[in-house]
Amino acid sequence: MARAAVPGRLTWRVATVTEVRDETATARTLVLDVPDWPGHLPGQHIDVRLTAPDGYQAQRSYSMASAGAPLELTVQRVDDGEVSEYLTSGVAAGDKLELRGPVGGWFVWRPTSTAPVLLVAGGSGIVPLMAMIRARQRQPFRLIYSVRTPADVLYASELARGQPGLDVHFVYTRVPPARRISVATINTHGWPADFEPECFVCGPTGFVEAAADMLVALGHDPRRVKTERFG
Ligand SMILES: Cc1cc2nc3c(=O)[nH]c(=O)nc-3n(C[C@H](O)[C@H](O)[C@H](O)COP(=O)(O)OP(=O)(O)OC[C@H]3O[C@@H](n4cnc5c(N)ncnc54)[C@H](O)[C@@H]3O)c2cc1C
């Protein structure tokens, strides 16, 4: 029996790439024009589906980097990555991409919230957190961003420009002396737990688990520690 199309976020749409911007040597932002985009909240993601000429399909999730339209995705190339290699080197302005979304209702920041916000990013985990920074108005934000080297920092010039009420602290994991985020880092550069900040942690699974454990050990209410794992 034929099934009716599910309207809204589960509909596959054909987006047009309007601009391609290199963020680093291995990461690229794609600006997309999506017909009838319903809007999204910072933190949400979309599914991208690629179809080869023989019909083989691959699907991956990518977070929105933009606070609103136009939609922007930033893709970090993963070595031998089926989809990320194509999105960071095979796509040009004018190309079409199939996507559906927005997806996700938990890992979102609502710009109407007035609580302080602590963002903890590992590598490309900065992407959905950048959408939150871009959507913020006067709320006090602190960002702790763990990344291999200064050359790997996404949105480097935007973050370096500085914004009132936004504090940024980098932790470089591949620059001597190589460091990792620790309880001391979060204690020094995050918010005290009794300020009751909303905490968002995003990055590779091991990073997210470690950082979330540190936040809870520092007294943050686990219900205010939201996590997103990039796998
Ligand atoms: C909710 C969500 C949002 C995401 N948002 C983004 C985003 O905004 N930007 C972004 O670049 N990625 C994001 N990702 C990760 C993305 O979906 C893909 O997993 C990533 O692009 C790798 O896909 P691939 O096809 O290139 O690699 P695959 O062919 O799937 O894997 C190739 C190899 O790389 C390893 N690998 C897979 N993913 C990663 C990873 N993230 N880091 C390190 N090694 C990996 C695999 O284990 C495998 O060995 C997100 C993931 C999720 C679940």
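The values are calculated or read from the model by the stated rules, or taken from the named source; none is laboratory data. Remember, it's a predicted structure, so these values are computed and weren't measured experimentally. Glycine gets a Cβ as well: all are built from the backbone with ideal geometry, and neighbour counts include every protein chain shown. Each accessible area value is taken on the protein alone, full model and side chains, heavy atoms only, with ligands, DNA and RNA left out. Shrake-Rupley method; radii C 1.70, N 1.55, O 1.52, S 1.80 Å.
Observations on the structure shown:
- With each label modelled as a point 7 angstrom along the Cα→C-beta vector, the ALA184-ALA69 pair spans 5.0 nm.
- Surface accessible to a 1.4 Å probe, THR149 within the full protein complex, Å²: 40 Å²
- Per residue, the chain exposes 50 Å² of solvent-accessible protein surface, assessed with a 1.4 angstrom probe and all protein chains in place.
- Of all DSSP-defined beta bridges confined to the range 115-199, some 5% are antiparallel rather than parallel.
- In a reduced charge model with +1 at each Lys and Arg Cβ and -1 at each Asp and Glu Cβ, the range 42-177 shows a dipole moment near 660 debye about its Cα centre.
- Projected onto its three principal axes, the C-alpha set of the range 98-209 covers 43, 40, 30 Å, listed from the longest axis down.
- Label point distance in nm, ALA25-ALA93, each placed 7 Å from Cα along Cα→Cβ: 2.6 nm
- Kirkwood hydrodynamic radius of the range 22-81, Cα pairs, Å: 12.9 Å
- The range 131-216, relative contact order [Cα under 8 Å, separation at least 6], %: 28 percent
- Multiplying the residue separation of ARG229 and ALA160 by 0.36 nm and subtracting their alpha-carbon distance yields 22.2 nm.
- Antiparallel %, DSSP beta bridges [both residues in the chain], to 5: 55 percent
- Percent of Cα pairs exceeding the 33 Å cut-off, where the set is the chain: 18 percent
- Gaussian network model of the chain, Cα within-10 Å springs - most flexible of TYR56, TYR172, TYR155: TYR56
- The range 75-128-the range 19-71 distance, computed between alpha-carbon centres (Å): 7 Å
- The listed residues ASP47, ASP213, once ranked by accessible area (1.4 Å probe) with the largest placed first, stand as ASP213, ASP47.
- Placing a label point 7 Å from the Cα of ASP33 along the Cα-to-Cβ direction, the residues of the range 75-93 with a backbone N closer than 14 Å are 93.
- Within the chain, no whole DSSP H helix has Cα atoms reaching 20 Å or more along its own axis together with a mean Kyte-Doolittle score of at least 0.0.
- Based on the Kirkwood approach, the hydrodynamic radius assigned to the range 85-153 is 14.6 Å, with every pair of different Cα atoms included.
- Label point 7 Å beyond Cα of ALA115 along Cβ direction - residues of the range 49-82 with amide nitrogen under 13 Å: none
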